[in-house]
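The values are calculated or read from the model by the stated rules, or taken from the named source; none is laboratory data. All values reported here derive from a predicted model rather than from experimental measurement. Cβ placement follows ideal geometry from the backbone for every residue including glycine, while neighbour counts extend to all protein chains displayed. Please note that ligands, DNA and RNA were not included when accessible areas were found on the heavy atoms of the full protein model with its side chains. Shrake-Rupley method; radii C 1.70, N 1.55, O 1.52, S 1.80 Å.
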Amino acid sequence: MAEPRTEFAISVEVNGTTVERTVESRSLLIDFLRSDLALTGTKVSCELQVCGVCTVLVDGRPVSSCTYLTVDADGRSVTTVESLSSGGKLHPLQEAFVDCHALQCGFCTPGFLMMAKGLLDANPGAEREEIVEHLEGNICRCTGYRPIVEAVESVARQQRAEAK
Amino acid sequence: MTEFSTVGTSVRRRDLVEKVTGSAEYTVDVTMPGMLHAKVVRSDRAHARILSIDATEALAAPDVVAVVTAADLEPLFPRFGHIIADHFILAPDKVRYFGEPVAIVLAETLGAASDAMRLVRVEYEDLPSVMTAAAALAEGAPLVHEQAYDATGDDSFKSLTGKKHTMEFPEAEGARTNVAHEVDLEWGDVDAARAGAHLVVESTVHYPMLYAYGMEPYNAVASYVDGALSVVSSAQHPYMVRDDLARIFDLPLSRVRVSTPYIGGGYGSKSYTKVEPLASVASWMVGRPVKLVLSVEEAIYTTRVDTADIHVRSSFDAEGHILAREIDIVMDSGAYADNSPLVLAKCVNRSFGPYRVPNLRVRGRSLYTNTAPASSYRGFGAPQGNFAAETNLDQAAEQLGLDGAEIRRRNLVRHGEAILPGKRGIDADLLADLEIAASSLERDRKDTPYYGMGVSCSASDAGAYPISTAQVRIQFDGSVIVFSGSTEMGQGSQSLLSQVAAEELGVDLGVVSVVQSDTSVTPYERTTGASRTSTLVGLALQRACADARTRIRDMAAEIWSCTPDEVIDLPGAVQGPEGAKLAYGEVVRKWFGGTAGEVTGIGLLRREGVTQEMPPFWETGMVGVAVEVDPETGVVTVDQLVTVADIGFAINPQAVEGQDLGAATQGLGGALYEELVYDGPQLANANMVDYRVPRVTDMPRKIDLVLAERRDGIGPYGAKGAGEGQLNPIGGAVAAAVARAVGRWPNRLPLTPERVWRLLNDLEDSDPPA
């Protein structure tokens, strides 16, 4: 019987850059991002896909990188919190989170930002109820959530205004 | 226009900008050159003798460098604990709880360490265990600790309450018990008061076992080289951790460096020493840096919240005035004392409420059991004691035909009145706060069935012990760096300290930066806890700024060849004779002669002057909760949450509101959803799937956060602390609201759907407290 393969060569687009690596078959996307690529902005907490801290976008869809195999990202595009701001300019969601005080310790924030981006990219101008429903998978222990919802709502409002 | 330029404004927090970009550094992000990865082999039973540990197979595994066990620690002091040094770094002869560290596996990669961890063979002989406080108290109960330990608690702990503290370590072997700590508080003649009372109300409640869930699990990276130890850790109190580590290695304090970058959630649960000794002894063993990051499950088994069984008996006159209160508190503090003696002492102080209580008797006991160690959690004993006594008060109100606000109105102490003899009077206007909370609730009361409201209040002797130091360094361009040992864990201390410095020195907030929490760099700070930073660090920083200004005036006088009293302060500058003016940067440059130099101001705070009287301030809580219960399912929906923070002065109002809503939300978690459950030797739900914390969909429909700013604190500009106050009374308010909605009084939290449904249907608890 053949030995199971323990390593795979993959090609992933991470924040717009194509990365080619050989990874262990058990490598999780969160470890690939944090350890192999030193993209430590994404955090990890529950390791069970229920806290949302490790959320990144894979082909624009939010996934929990703590339970997503790196090999499954082969040929796909991964977006992390590091890509949000450019040229020293914050993304509107980042601005809104700071303005609304939608974070304190900040550990859950990259996950909330990516989850919110996933929603507002797919559904610009989302209403409050949609926002609340969409963010239910993300835990924040500091804020009591209201400022987070307000921050995302304010960006959705901007989107609605711009669409007019 | 306000009288202030910077404080009192919700300024943009620079730490938040770092955090939204992902560039903020947390301990989990820190690496050291050549570091190894550690995994901890943990006990898989509650109480057992260790017969042997066989690491042969693990050591033979690929990339494994070493396996550390208690036997290796023989040259060291193998325990830690800032009150009682009872906490073994690695279990020596026996394990005292499921999850206790037994060995550390060190490998070149995390994967290799994880694989090899499973290859360490530990042979045990089971011992009878005590899994609850009641079992630990029983006659002839097995002992969790057979031996005595020296108390390491310093004067600040001993003088904490000025009342009887018993470190329960009797000399005679036969007299040993599982009582880790005992605190008694008594005044007046309780028995006589009860005998003459119009009404006596008794109640017993159980406060659940909680987990704070700071989302960054405990972690550290340590490097021991040539008699010097350097540790980066997720510790709230790096100086306290340093002291523990120095004792372990018998090193001078100057040779132990502990630094703390941003912390991913503290809430008291990252107070004191956690995993730093494990990482440090591992590094000491192999001479290479070691990184240890716990999983959430391991973090739950490292520190959870003290449970409490509390009996309250209150006596009242016909008008509802309290005549006497008798409170008996039994806490399950787990296998090691950690901070539980302090939690107990605070629970005792905070149990009877900010009321006129002419006769009082409180007995508190903290028990060792074979469960995960308990320690600090936001509120320090207040949530437990307050829930018990506030529920009792609300039951009395019902029997007296009063509403919850009215019975409090009749008993609350007035501003300046003491609730603890010899201590600072209450520096808050609780009566006014009560009216704010009650009227907000009433305004939005819904006239629907199964709707209930509760108001509840608390007072905590906060601020901890007043020892604090701060530094400001004025650069030669006039910009300012603040140095503080106070840790930024999300509460906003970094931003707040920059506001105070900008205000005091009259400089723009944009030129102030803050360096925090590195024991070899920043000035000493006892702790970051008990809501002390605004008040105590704020005072120390004001003094540091005044000191810097004095130095600047002296230097300017030298430059102008005048006397220092001819120099007066301007914002960011000084003015001398004949209208001469120099900005701070110019003073520094001229005095040193060149584009160089720096002026350091130092601020010291100790127990004297405004901080002589203890506590430094009272942190009060005043909350209102309205709930709607679904009679079919027992699900509780929070319709209203009202908090009134009596904070004196809000240096950053948005940050205070953030703390209040966060604290109240954690309170709602413990009141409605959260509970760790032991099933046999181990927890049934040591993970975030089964341990349910509040989510965005649980948000109260109405949230009203009120800041009562009456400038009556001793802190800068009249400030007092915030952060815990609005958690403490939530349990009582929720219990009262649910009781009024369903018609029966709960005797425990959390009020899960099943428990509420059983209350509603007059059924017994399916899982009554032990």
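Please pull out the direction-averaged projected area of segment B:417-565, using the convex hull of its alpha-carbon atoms, in nm² to one decimal place. Present the calculation step by step, with values, prior to reporting the outcome.
Details: hull surface 58.3 nm².
Result: 14.6 nm².
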B:T6 accessible area, assembled protein chains, probe 1.4 Å, Å²: 10 Å²
Distance between modelled label sites at B:Y149 and B:R606, nm, 7 Å Cα→Cβ extension: 2.9 nm
Chain A: most fluctuating residue of A:S27, A:S86, A:S35 per GNM, C-alpha cutoff 10 Å: A:S86
Alpha-carbon Rg with Dmax, taken over segment B:50-139, Å: 15.6, 50
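With N set to the residue count of chain B, report its C-alpha Rg divided by 2.2 N^0.38 Å to two decimal places. Working shown, then result.
Details: Rg = 26.9 Å, N = 770, 2.2 N^0.38 = 27.5 Å.
The value comes to 0.98.
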Crossing angle, helix A:146-163 versus chain A [Cα axis fit, 0-90 degrees, rounded to tens]: 80 degrees
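Hey, any idea what Rg/Rh is for segment B:616-731, computing Rh the Kirkwood way over Cα pairs? Numbers along the way, then the final one.
Numbers: Rg = 16.7 Å, Rh = 15.6 Å.
Answer for segment B:616-731: 1.07.
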Cα pair count fraction exceeding 18 Å, expressed as % - segment B:512-595: 53 percent
Cβ-Cβ FRET estimate between B:D189 and B:E442, R0 fixed at 45 Å, reported to 0.05: 0.70
Pair B:F77, A:R26: separation of 7 Å Cα→Cβ label points (nm): 3.9 nm
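Quick one: in segment A:7-83, what % of C-alpha pairs are over 18 Å apart? Show your work: numbers first, answer last.
Working: 826 of 2926 pairs.
Everything past 18 Å amounts to 28 percent.
Percent relative contact order of chain B, based on C-alpha pairs within less than 8 angstrom and at least six residues apart?
On the way: 2008 pairs, mean separation 112.2, N = 770.
It rounds to 15 percent for chain B.
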Percent breakdown of C-alpha pair distances by 5 Å bin, ordered from the shortest bin, for segment B:554-605: 5, 21, 29, 24, 14, 6, 2, 0
Amide H partners (placed H, <5 Å) of B:Y355, local residues excluded: B:V413
Stokes-Einstein translational diffusion, the protein assembly as shown - Kirkwood Rh over all Cα pairs, 0.890 mPa s, 25 °C, in µm²/s: 85 µm²/s
Between segment B:481-523 and segment B:632-705, the alpha-carbon center distance in angstrom: 29 Å
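How large is the helix-only mean residue ellipticity at 222 nm for chain B, computed as the sum of -39500 (n - 2.57) over DSSP H runs with n ≥ 4, divided by its residue count, in deg cm²/dmol to the nearest 500? It would help to have the intermediate numbers written out before the result.
Details: 19 runs with 203 residues, N = 770.
Computed ellipticity for chain B at 222 nm equals -8000 deg cm²/dmol.
Taking each residue in A:87-94, count the Cβ atoms of any other chain within 10 Å of its Cβ, then average. What number comes out? Mind showing how you got there, number by number?
Values: counts 0, 1, 0, 3, 2, 0, 1, 6.
Mean shielding by partner chains, rounded to a whole number: 2.
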Proportion of all alpha-carbon pairs of segment B:327-466 beyond 20 Å (%): 54 percent
Between segment B:255-332 and segment B:363-429, the alpha-carbon center distance in angstrom: 20 Å
Extent along principal axes [Cα atoms of segment A:92-163; Å; largest to smallest]: 34, 23, 17
Values of log10 I(q)/I(0), in the order q = 0.22 Å⁻¹, for segment B:714-770 under a Debye, Cα-only, solvent-free model: -0.84
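List the GluC sites (Glu not before Pro) in segment B:279-338 that DSSP assigns to loop (not H, G, I, E or B) and whose Cβ has at most 15 other Cβ atoms within 10 Å. Which are they? Walk me through the intermediate numbers first.
Numbers: sites: B:E297, B:E298, B:E319, B:E326; in loops: B:E319.
The qualifying sites are B:E319.
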Where Rh is the Kirkwood radius over Cα pairs, Rg/Rh for chain A: 1.01
Cut-off under 5 Å, modelled amide H: who pairs with B:V41 long-range: B:V102, B:A103, B:I104, B:V105
